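Asks: The structure's right below; bear with me while I get my questions together.
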Ligand code: ADP
Ligand code: MG
């Protein structure tokens, strides 16, 4: 597990647009932080820079004491849950969750115990051998989260597009990521432009506007 620190974090796109503007923030190890603000304020850009999907123009991101800027995306100990998470419909649940671990050449018993743990954690043990197309949307969502946790990330990034499809699944997803945070202690950065949702989580909210943090409150303000 790890804290996350932004120091003067800035993203300027090639066209000169400053999407994230000198952001400073400390997120504690094991914290669940909600990034909230209007569409276009830079929330996803921050997640994409942490995840390595976007270069950092200037400033630093630290994972614990480790400077993330210099670490290759695949070596960063973090997981991302975004809308376009890729699950393979022709593969079964087990293989979908094991995929990332196999790519890392982990020993088979290690992969097996991690996948089984994740399946149990999310209540999908009974569908491990089922093909993705044969399970429900909620189960698929849990497979996606299962795939995220089997890598034992220090930080989980969740963008608002994940499980936007319908309200039921959204509340299930929130329940699941709150559980990941409380039971596994993984630090979570959660992005939403839904104010009600941001407040209802009862966690620290970082309010953003025009690429800047305008306040970081807690549940009391
Ligand atoms: P949010 O997730 O808060 O809705 P984003 O982080 O996706 O916002 O985008 C922040 C701003 O950066 C937006 O105004 C968006 O139009 C702009 N932006 C995103 N990608 C690019 C790009 N490749 N070139 C220029 N501007 C971009
Ligand atoms: Mg976004």
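A short reminder: the numbers here are calculations on the coordinates, not readings from a lab. Predicted model only: the values in this text are computed from it and were never measured. When we count neighbours, we look across all protein chains shown, and the Cβ atoms used for this are built from the backbone with ideal geometry, even at glycine.
Asks: Full extension from residue 110 to residue 195: what is 0.36 nm times the residue separation minus their Cα-Cα distance, to one decimal in nm?
Replies: Details: separation 85, 0.36 × 85 = 30.60 nm, distance 4.07 nm.
In short, 26.5 nm is gained.
Asks: For the stretch 84-152, what is the per residue volume of the convex hull drawn over the alpha-carbon atoms, in cubic angstrom?
Replies: On the way: hull volume 5.5 nm³, N = 69.
Convex hull volume per residue, Cα atoms: 80 Å³.
Asks: Obtain the nm distance between the two label points defined at residue 89 and residue 182 by a simple spin-label model: each point lies 7 Å from its Cα along the Cα-to-C-beta direction.
Replies: 3.6
Asks: Report the Rg/Rh value for the stretch 167-221, based on alpha-carbon coordinates and the Kirkwood definition of Rh.
Replies: Details: Rg = 12.2 Å, Rh = 12.4 Å.
That ratio equals 0.98.
Asks: When the helix-only estimate is applied to the chain (DSSP H runs of n ≥ 4, each -39,500 (n - 2.57), divided by the residue count), what is the mean residue ellipticity at 222 nm, nearest 500 deg cm²/dmol?
Replies: Values: 6 runs with 72 residues, N = 221.
Computed mean residue ellipticity for the chain: -10000 deg cm²/dmol.
Asks: Order 114-121, 29-36, 41-48 from most to least packed using the mean count of other Cβ atoms within 10 Å. Could you put the intermediate results ahead of the total?
Replies: Numbers: 114-121: 18.2, 29-36: 20.1, 41-48: 22.6.
Packing proxy ranking, top to bottom: 41-48, 29-36, 114-121.
Asks: Show me the ranking of peptides 90-96, 139-145 by mean Cβ neighbours inside 10 Å, starting with the highest. Present the calculation step by step, with values, prior to reporting the outcome.
Replies: Numbers: 90-96: 18.0, 139-145: 22.7.
Highest mean packing first, the order is 139-145, 90-96.
Asks: Let me ask another. So what's the convex hull volume per residue for the Cα atoms of the chain, in Å³? Write out the running numbers ahead of the final one.
Replies: On the way: hull volume 27.6 nm³, N = 221.
Spread over its residues, the Cα hull of the chain gives 125 Å³ apiece.
Asks: What number, in nm² with one decimal, is the all-direction average of the projected area of the convex hull of the alpha-carbon atoms of the stretch 39-146?
Replies: Quarter of the Cα hull surface area: 8.6 nm².
Asks: Can you give me the Kirkwood hydrodynamic radius for the stretch 1-47, using every pair of distinct Cα atoms, in Å to one decimal? Before the final figure, lay out the partial values.
Replies: Values: mean 1/r = 0.0846 Å⁻¹.
Result for the stretch 1-47 stands at 11.8 Å.
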